[in-house]
Amino acid sequence: MLAEAKITNDAIAIRMEESKATEYIIDKTRETFRVVAYRASILFFSIVDLAVINSMYQYSLQWFSNLFGSSVNDSPKAPDNSDQRILNLNNHFTLNLYENVCRSLFEKDKLLFSFKLTVNILGGDGKMDQDEMRFFLAGPSGDIPIPPNPTKWLGDLDFAETYKQIYKMNQILPAFAGLEEFFL
């Protein structure tokens with residue numbers, strides 16, 4: 001009886017070690033694909049926000065999950081390259097979602113949806129500066145000293161508005177640093 005118990009105990013110990021190794025592999029794989037889950041959450045909340053534009057634009061989580069599942073099955077496989085697989089999954093699902101949602105949108109709302117999706121993806125990937133976005137949406141703000149109009153081809157009001165834009169772009173957006181000097 002003791003011999004049988006020892007054999008069973010040894011078998012259980014071996015299986016426990018195998019299950020720990022398997023659990024480690026599963027955890028590692030799950031962490032690898034967390035990027036895909038993050039992108040999917042960005043896309044889901046992008047389509048949920050469409051209800052603000054028109055209450056008719058409401059999509060269920062079940063529909064979204066089914067679309068995601070079909071994208072996982074239909075996206076190109078990448079042998080032994082998880083980075084390429086992640087890229088394939090993100091690209092395929094984003095395109096699949098975009099095409100399916102656009103089928104149900106009014107023509108006038110498609111461009112707005114494209115913009116919202118792009119901004120959300122860029123923001124989620126950390127590729128969009130919040131100051132740039134705020135400037136893009138709201139324009140220059142604050143008290144801006146306007147120099148005298150040095151041009152003859154711009155009226156004073158046009159010059160003031162143009163100068164405000166250039167002045168803030170010069171301060172906020174690194175790509176436009178130094179532009180103000182060429183304007184004056």
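Structure values in brief
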quantity: Residue check, I47 under 20 Å from L137 (Cα atoms) and aliphatic (A, V, I, L, M); calculated: no
quantity: D125 being acidic (D, E), touching a residue at least 12 places away in the same chain (Cβ under 8 Å), surrounded by 12 or more Cβ atoms within 10 Å (Cβ to Cβ) and out of contact with any Asp or Glu (no Cβ under 7 Å at 6 or more places or on another chain); calculated: no
quantity: Condition broken by N54, with the remaining ones in (1) surrounded by 14 or more Cβ atoms within 10 Å (Cβ to Cβ); (2) in contact with an Asp or Glu (Cβ under 8 Å, 6 or more places away or on another chain); (3) in contact (Cβ under 8 Å) with a residue 40 or more places away in the chain satisfied; calculated: (1)
quantity: Criterion: modelled with pLDDT of 90 or more, surrounded by fewer than 11 Cβ atoms within 10 Å (Cβ to Cβ) and either in contact with a His (Cβ under 6 Å, 6 or more places away or on another chain) or not basic (K, R) (or both) - qualifying residue of D109, D83, D74; calculated: D74
quantity: Residue in the stretch 159-180 that is modelled with the lowest pLDDT, counting only those that are within 16 Å of P148 (Cβ to Cβ) and of a type outside the set (V, I, T); calculated: E180
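The values are calculated or read from the model by the stated rules, or taken from the named source; none is laboratory data. Given the structure is predicted, the values throughout are model-derived calculations rather than measurements. Every residue, glycine among them, receives a Cβ derived from its backbone with ideal geometry; neighbour counts consider all protein chains shown.
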